[in-house]
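Q: Here you go, one structure.
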Amino acid sequence: MKKIPTYIISGFLGSGKTTLLLHLLKYCKSQKKKAAILLNELGSVNVENHLFEDENVFELLDGCICCSIQEDLKATLTTLVEAHMEKPIDVLFVEGTGVANPLEIVEVIASPPFVNSFDIQSVISMIDANAYLDNQDIFTSKTIRDLLKNQIKGATVVVLNKVDLVKEKQLQKIEVKISKLLDTNTPVIKTSYGNVDLIQLLQKRSNTTVFSHQHQTNCCGDSLHSSCNHHKHHHDHVQHTSIKTITFQDVPSVTKRQLKKWLKSLPEGIMRGKGYIYLQDKPGLYPFQYSSNQVHIGDFPLKITLDPCMVLIGKDIDIMTIQDSYASQFSLS
């Protein structure tokens with residue numbers, strides 16, 4: 001089954017995500033592509049539902065898919081895969097709430113069992129130029145400031161929207177602040193009313209590598225000591241790939257010390273890590289989180305059955321180096 005090309009659209013409240021999404025849907029229709037939309041709203045009702053009456057919409061209400069209703073996201077993705085098997089979907093757009101961290105959505109999609117069904121193309125972050133500086137003001141809560149930073153840092157392309165509402169001097173100040181959060185390969189597209197070059201916007205800017213501990217060879221017959229990259233043949237065609245995701249499946253049991261030592265040895269470009277692992281000295285499967293060089297392993301085992309796995313997300317990282325490090329640390333033979 002062909003993977004579903006997937007775009008994640010993030011951005012703070014009122015940044016113009018829905019307007020951009022409508023432009024994207026119109027473009028898909030002009031290209032005869034069947035699009036599906038996963039819409040997430042914090043409230044119990046999607047007040048913009050009328051805008052998508054004739055579209056293939058999957059709604060997630062009453063919470064944020066990156067935190068409070070993450071299990072609902074997984075159930076919806078499973079439904080999407082089933083729909084794709086019956087009638088192939090050409091492209092999926094995921095619009096998170098205004099308070100969603102896009103990297104947490106990437107983590108779910110890059111985890112088993114979804115990593116083999118969805119192909120993340122890009123993480124698009126919308127910024128409201130007219131409100132950005134106010135949202136960054138010292139009187140704004142730290143939670144909002146951190147959220148805005150995460151939405152920008154997690155992007156493979158930034159759309160700076162509503163530039164018609166700000167003066168040139170103010171716009172320059174915004175661009176300076178944004179540039180401090182981005183690497184040099186992440187483009188910033190300035191626009192108004194969400195009108196952008198959609199061909200440029202839809203370029204593939206994300207790359208996912210899947211590494212299985214159990215299998216001796218990958219789909220190309222190469223040794224897993226070097227790679228099990230199901231997107232290897234695409235890699236040379238991905239221009240300025242910002243976000244790279246590596247998924248380790250069938251992870252062997254480890255000690256807490258071993259896991260923490262390895263995660264803290266990873267390159268600075270690794271922004272997030274998440275997974276489920278078996279601990280050698282305790283029964284059960286334990287969740288773990290990694291960010292800002294800090295590792296947190298759950299105190300209690302999960303009550304649900306999952307396969308052990310690790311998902312790492314980063315920018316400007318060498319996939320091969322990380323795979324070799326993993327193989328060495330966890331004694332892959």
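Q: Take the residue pairs K2/K204; K2/K190; K142/K204; K264/K315 and return only those whose Cα atoms are more than 22 Å apart.
A: K2/K190; K142/K204
Q: Of the cross-linked pairs K177/K261; K3/K33; K177/K244, which ones have a Cα-Cα span greater than 26 Å in the structure shown?
A: Flagged as over cut-off: K177/K261.
Q: Sticking with this one: Enumerate the lysines that K260 could reach by cross-link, defined here as Cα to Cα under 17 Å, with residues fewer than 8 away along the same chain left out.
A: Here the lysines satisfying the reach criterion relative to K260 are K274, K282.
Each value in this text was obtained by applying a stated rule to the coordinates, not by laboratory testing. Just so it is clear, the structure is predicted and the values come from calculations on it, not from any experiment.
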